[in-house]
Amino acid sequence: MILTEHMKDILLHADGKALATMSGGNINVVPVSSINIVNNEIWLINYFMGKTHQNIVNNSDIALAIWKGMEGYQIKGNAVYLTEGGMFDEAKLWIGKILPERVVKGLLVITPREVFDVSASKERAGNKVL
């Protein structure tokens, strides 16, 4: 699935971002900060994730909600958690340039599967857009 340029812009400049994971029937939602888009995959950096990391290991299904002002999207997809390799090294270099004081524990690579509009609009809210 290819995200639109508009979706990518909101992802990269969102006012708010929240990641939902689930394992064993328990839902976990956390705010996320550092986000990037590489080859149409969404990269999230793990600085503090404990339960989220474990949930992804047990169940790769995620939902990411992002919004800017009154416009937003929910992206459902699959996440892979990396702690080594080329993508992980690239993520560490990226964060080292913008937040050198942060320690990168891991990289979540999300492959989008579905996108829903969550804008504050009764015409748009809840509509599947991709």
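Derivation of every value follows stated rules applied to the coordinates shown; laboratory data play no part. The structure presented is a predicted model; accordingly, all values stated were derived computationally and were not measured. We place every Cβ from the backbone using ideal geometry, glycine too, and count neighbours over all the protein chains shown.
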One finds, for Arg124 and Ile98 with R0 = 30 angstrom and r their Cβ-Cβ distance, a FRET efficiency to the nearest 0.05 of 0.40
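Could you tell me which of the pairs Lys68/Lys128; Lys92/Lys128; Lys76/Lys105; Lys17/Lys128 are separated by over 27 angstrom between their Cα atoms in the structure shown? Mind showing how you got there, number by number?
Values: Lys68/Lys128 18 Å; Lys92/Lys128 34 Å; Lys76/Lys105 23 Å; Lys17/Lys128 19 Å.
Checking Cα-Cα distances, Lys92/Lys128 exceed 27 Å.
With 10 angstrom as the radius, rank Asp9, Asp117 by how many other C-beta atoms surround their C-beta, starting from the fewest. Please report the intermediate quantities before stating the final value.
Values: Asp9 13, Asp117 18.
Ranking Asp9, Asp117 by Cβ neighbours within 10 Å, fewest first, gives Asp9, Asp117.
For the range 85-130, what is the convex hull volume of the alpha-carbon atoms per residue, in Å³?
Numbers: hull volume 5.6 nm³, N = 46.
Once divided by residue count, the hull of the range 85-130 is 121 Å³.
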Mean residue ellipticity (222 nm) of the chain, computed from DSSP H runs ≥ 4 via -39,500 (n - 2.57), nearest 500: -7000 deg cm²/dmol
Mind checking the log10 I(q)/I(0) for the range 5-117 at q = 0.10, 0.11, 0.19, 0.22 Å⁻¹? Debye, one equal scatterer per Cα, no solvent, two decimals. -0.26, -0.32, -1.00, -1.32
